[in-house]
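Okay, structure first, notes after.
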Amino acid sequence: MADKTDDVTKAPEASQGTDGRAPSRRSLLGWGGAGLALGAVAAGGTAAALRVGNDVQPAGADATAGAAVAFHGAHQAGIATAVQDRLHFAAFDVTTDDRDELIALLKEWTKAAARMTAGDAVGDGAVGGLAEAPPDDTGEALGLPPSRLTLTFGIGPSLFEKDGKDRFGIKDRRPAALIDLPQFPGDNLDKSRSGGDLCVQACADDPQVAVHAIRNLARIGFGKIAIRWSQLGFGKTSSTTPDAQTPRNMMGFKDGTRNIAGTDTAALDKHVWVGDGDEKGKAGWMAGGSYLVARRIRMHIETWDRTSLKEQEDIFGRNKGEGAPVGRKNERDEPHLKSMLPTAHVRLAHPDSNGGVRILRRGYSFTDGTDGLGRLDAGLFFLAYQRDVRHGFVPLQQKLSQNDALNEYIQHVGSAVFAVPPGVRKADDWWGRELFA
């Protein structure tokens, strides 16, 4: 990627290997087999962006084209951060049974993530190092700015226990809020698009930057992890800057009008960030983190497109043009829920209908070609962060799955839940350290 000239506070990045010694370039070439320099990022000497504080920023503060979003902080970037336009989300299976290998991978991932979000190449880059060996960086982001890239890391239930086995000695550290999601009415889940031991959410304003990030993390993990499933997304369907223009989903309706703002620290503390006392005992490592639910929602586009405008608006409880609630003039007018149909989506999902429950949404539209009948495989890749899945997504989805008129036009076909640890606070910290400490 291009060198950066934006004003970002920086700190030197550690250049030692996991044993405290600086590994040689030649020794690194033997780590991954087939010449893959899996640990080469440890030898990088350029600085990584360092944030003091958390990832809450003023609306639009990181919206400058090509700017870098600081990687370090109390919370992971990519949650309350102003939502970027593009997504590459990947869920991984851990294929090694060695705890030390997994920890080493997480350290290497963290170093690589800090470099890529700052706009730097991985390791010695795409053209540096030995000509006889594969480059450390795949190179497709050469010359591109950071594009507000954020990388958000999560841990799935199956990393703690799988088939009754305590895989890495962390079974008793699984948070109580990291539940296995129940089967909801109408679910038609594809196992190959669900679950995962780990996840990384890459968001950026340039799709090539986001794809580059996931590609390089997968490459670094060769032999230790494998991509279980992934999803590309475009055209954010929710915003953490609700004072800005509200985006539209694939059904043509504005989405995220009442989403939690990235600047609303009180709402974030109440509904998104895990509190110090939320997880007792050995799961206290989640304080400052959050819980992510990812759902791939297929939209029956062709059926929706043949539905009358009035019916579409009744289903959502908003008009299609302005986005105003039924009986109101402006999009952000307070909705009068009783004026909507009992099955209207807005009425059922509104906090006033759910005891004040709120979640932070970061959804994206997707279009993955067509199916065997020529219908668009398109819809919403739903991403929701919350303080506790048991009191956030689960009760909301239980209500929506049973009563929402929108269910005639959508179907949940993929699902996963992850614990998203707190942020990496300093240059020598790493993803998941609190869990494995």
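Scanning the range 108-133 for residues that are out of contact with any strand residue (DSSP E or B) (no Cβ under 9 Å at 6 or more places or on another chain) and not in a helix (DSSP H, G or I) yields a total of 13. Examine the range 89-107 for a residue that is modelled with pLDDT of 95 or more, small (G, A, S) and part of a loop (DSSP other than H, G, I, E, B), and state whether such a residue exists. For the range 89-107, residues modelled with pLDDT of 95 or more, small (G, A, S) and part of a loop (DSSP other than H, G, I, E, B): absent. Any residue at all in the range 366-385 that is outside any strand (DSSP E or B), buried (at least 16 other Cβ atoms within 10 Å of the Cβ) and in contact (Cβ under 8 Å) with a residue 60 or more places away in the chain? No - not one qualifying residue is present in the range 366-385.
Here's the yes/no breakdown for (1) more than 27 Å from G119 (Cβ to Cβ); (2) in contact (Cβ under 8 Å) with a residue 60 or more places away in the chain:
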| site | (1), (2) |
| --- | --- |
| K191 | yes, no |
| S194 | yes, yes |
| A202 | no, yes |
| A210 | no, yes |
| R215 | no, yes |
| G233 | no, yes |
| S238 | no, yes |
| T241 | no, yes |
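For the range 199-242, filtered to residues that are charged (D, E, K, R) and in contact with a strand residue (DSSP E or B) (Cβ under 8 Å, 6 or more places away or on another chain), the residue that is farthest from G66 (Cα to Cα) is K224.
For every residue, the table says whether it meets (1) touching a strand residue (DSSP E or B) at 6+ places or on another chain (Cβ under 6 Å); (2) part of a loop (DSSP other than H, G, I, E, B); (3) touching a residue at least 40 places away in the same chain (Cβ under 8 Å).
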residue	(1), (2), (3)
I260	yes, yes, yes
L268	no, no, yes
V274	no, yes, yes
D278	no, yes, yes
K282	no, no, yes
W285	no, no, yes
G288	no, yes, yes
L292	yes, no, yes
R296	yes, no, yes
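The one condition from (1) of a type outside the set (A, V, I, L, M, F, W, C); (2) touching a residue at least 12 places away in the same chain (Cβ under 8 Å); (3) surrounded by fewer than 19 Cβ atoms within 10 Å (Cβ to Cβ) that N249 does not meet is (3). Taken residue by residue, the range 233-244 has no member that is modelled with pLDDT of 95 or more and more than 15 Å from R362 (Cα to Cα). From the list A67, A63, A74, the one residue that fits, being more than 13 Å from the chain's Cα centre (by Cα), outside any helix (DSSP H, G or I), surrounded by fewer than 24 Cβ atoms within 10 Å (Cβ to Cβ) and at pLDDT 95 or above, is A74.
If I filter the range 209-220 for residues that are modelled with pLDDT of 95 or more and farther than 29 Å from E101 by Cα, do I get at least one hit? Before you say what the answer is, go through the steps one by one.
Applying the first criterion (modelled with pLDDT of 95 or more) to the range 209-220 yields 209-220.
Filter once more, so that each one left must be farther than 29 Å from E101 by Cα: none.
No, the range 209-220 contains no residue that is modelled with pLDDT of 95 or more and farther than 29 Å from E101 by Cα.
Annotation note: of D187, D205, D180, the sole residue that is among the acidic types (D, E) and either in contact with a Gly (Cβ under 6 Å, 6 or more places away or on another chain) or closer than 17 Å to P146 by Cα (or both) is D205. Which residue, of A405, A437, is crowded, with 16+ Cβ neighbours inside 10 Å and either more than 30 Å from P157 (Cβ to Cβ) or modelled with pLDDT under 95 (or both)? Answer to the check: A405. Selection of first residues in the range 314-333 that are surrounded by fewer than 20 Cβ atoms within 10 Å (Cβ to Cβ) and of second residues that are small (G, A, S), restricted to Cβ pairs under 7 Å at least 6 apart or on distinct chains, gives the following pairs, ordered by first then second residue: D314/A344; K320/G252; G327/S339; N330/A324; E331/G323; E331/A324; D333/A324.
The values are calculated or read from the model by the stated rules, or taken from the named source; none is laboratory data. Only a predicted model underlies this, so the values are computations on that prediction, with no experimental measurement involved. Heads up, the Cβs are rebuilt from the backbone with ideal geometry, glycines too, and the neighbour counts pull from every protein chain shown.
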